[in-house]
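Undergrad: Would you mind keeping the following structure in view while I ask a few things?
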Amino acid sequence: MLIHEAVAERTWHRSTARVMGSPSEILIDGPVELIRYGFRRLRDLEQTWSGCLPDSELNRLQERRTEQVECSDDLVAALRWCLQMYSQTGGLFDPSIRTSLERLGYDRTFAEIIDRPTATGDVVSAPGLTGLEISGNTVRLAAGLSIDLGGIGKGLAADMVADELIAAGATSAYVSMGGDIHASGEPVDGDGWQVPLLHPISGAVIDHHALFAGAIVMSTVAIRRWTRSGIEHHHIIDPRTGLPSETDLFAVAVADQSAARGEALAKAAIIAGSAEGITLLRAADVKAWLITADRVEVVQESER
């Protein structure tokens, strides 16, 4: 009876907006003012690590390469995640591909790059993160090092804001950043949040994932595609070549405790291809879905 009464008193609020270049959603059980707080935090994080805002904290840091710069807790957290996932994926997840993206023409929001005629320079392999130094909140970037926090930034934003909404008084919080989802607090009901996984090309539902707490993300080469000099590109760059990855995978979805970690693992698996990607995801001990032209391979996490 007590459980029934607690459920009956739940009050849900939902709102959507466009943040970090993607449709974003916040759904909470709690005071309505927390919706405003959540989107304010998302926009703060966008101002912190967006590569498309000239005055973002990340871009100001990059203007001061080779200097030791005192950075915010939020930016340092994102950069530490980059170092962790760069190491864990053997360099397949590598945010130093930003220079390659820009030289291929992805140097502004995606809507603005469509149908621009030419690339902006020769493409080279990514330099890696050996030139990223962090000590406390002091950060130093080596000369020539440019960092893209696009995907992992969206995942980390979902992680951070969902947890912060619970700390601020929400009973449940569900944050989606362009499909990078993190749920915190009590689940919506006993069956959890039922998240459909859609095929990136056909749109067909290929599975459902019951999300109780934690995250699920999907990364795909089927969107964010553009053409330069008659050559089609996509945004998942192989750091070994500096070019869009040549892979048999259309998409990878990952369920994990962190959307930031899931984003990095999904991108690394796409770059690796299905065979090596399965090995990488099993070693990471996550549940994942690898989607090729003719099949969906599911990797199960181990029993804990």
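The values are calculated or read from the model by the stated rules, or taken from the named source; none is laboratory data. None of these values were measured; they are calculated from a predicted model. Here the Cβ is made from the backbone with ideal geometry for all residues, glycine too, and neighbour counts use every protein chain on show. With ligands, DNA and RNA removed, areas are computed over all heavy atoms of the protein, side chains included. Shrake-Rupley method; radii C 1.70, N 1.55, O 1.52, S 1.80 Å.
Undergrad: Go through M177, M218, M20 and list them by solvent-accessible area, largest first, probe radius 1.4 Å.
TA: Final ranking, largest accessible area leading: M218, M20, M177.
Undergrad: Which three lengths, in whole Å and largest first, does the stretch 148-304 cover when its Cα atoms are put on their principal axes?
TA: That gives 52, 30, 29 Å along the principal axes, largest extent first.
Undergrad: In addition: What size of dipole, in debye to the nearest 20, comes out for the chain about its Cα centre when the only charges are +1 on Lys and Arg C-beta atoms and -1 on Asp and Glu C-beta atoms? Kindly include the intermediate steps, with their values, before the conclusion.
TA: Numbers: 27 positive and 42 negative charges, 139 e Å.
Result for the chain is approximately 660 debye, rounded to the nearest 20.
Undergrad: Tell me, what is the 1.4 Å probe accessible area of K154, in Å² to the nearest 10?
TA: In the full protein context, K154 sits at about 30 Å².
Undergrad: When the dipole is taken about the Cα centre of the stretch 132-258, and only Lys, Arg (+1) and Asp, Glu (-1) are charged at their Cβ, what size is it in debye, to the nearest 20?
TA: The calculation lands at about 560 debye.
Undergrad: Tell me the net charge near T138. Cut-off is 11 Å between Cβ atoms, T138 excluded, with +1 for each Lys or Arg and -1 for each Asp or Glu. Intermediate results must be reported in sequence, preceding the final value.
TA: Details: positive: R140; negative: E67, E70, E133.
Local charge sum for T138: -2.
Undergrad: About the Cα centre of the stretch 1-90, how large is the charge dipole given +1 on each Lys and Arg Cβ and -1 on each Asp and Glu Cβ? Please answer in debye to the nearest 20.
TA: Values: 11 positive and 14 negative charges, 47 e Å.
It works out to roughly 220 debye.
Undergrad: On a 0 to 90° scale, report how tilted helix 73-88 is relative to the longest principal axis of the chain, with both axes built from alpha carbons and the result rounded to the nearest 10.
TA: Result, in degrees: 70.
Undergrad: Work out, step by step, the length gained on full extension between E67 and T130: first 0.36 nm times the residue separation, then minus their alpha carbon distance; give nm to one decimal.
TA: 21.1 nm is the gain from fully extending E67 to T130.
Undergrad: How high is the relative contact order of the chain, given as a whole-number percent (alpha carbon pairs under 8 Å, six or more residues apart)?
TA: Relative contact order here is 17 percent.
Undergrad: Where does the chain land at 222 nm, in deg cm²/dmol rounded to the nearest 500, when only DSSP H runs of n ≥ 4 count, each adding -39500 (n - 2.57), divided by all residues?
TA: After summing the helix terms and dividing by the residues of the chain, the value is -10000 deg cm²/dmol.
Undergrad: Another question about this same structure. Picking from Y37, Q84, S50, whose Cα lies most toward the positive end of the charge dipole for the chain (charges on Cβ: Lys, Arg +1; Asp, Glu -1)?
TA: S50
Undergrad: How large is log10 of I(q)/I(0) for the chain at q = 0.07 Å⁻¹ when the intensity is taken from the Debye formula with one equal scatterer per alpha-carbon?
TA: Computed log10 I(q)/I(0) values: -0.27.
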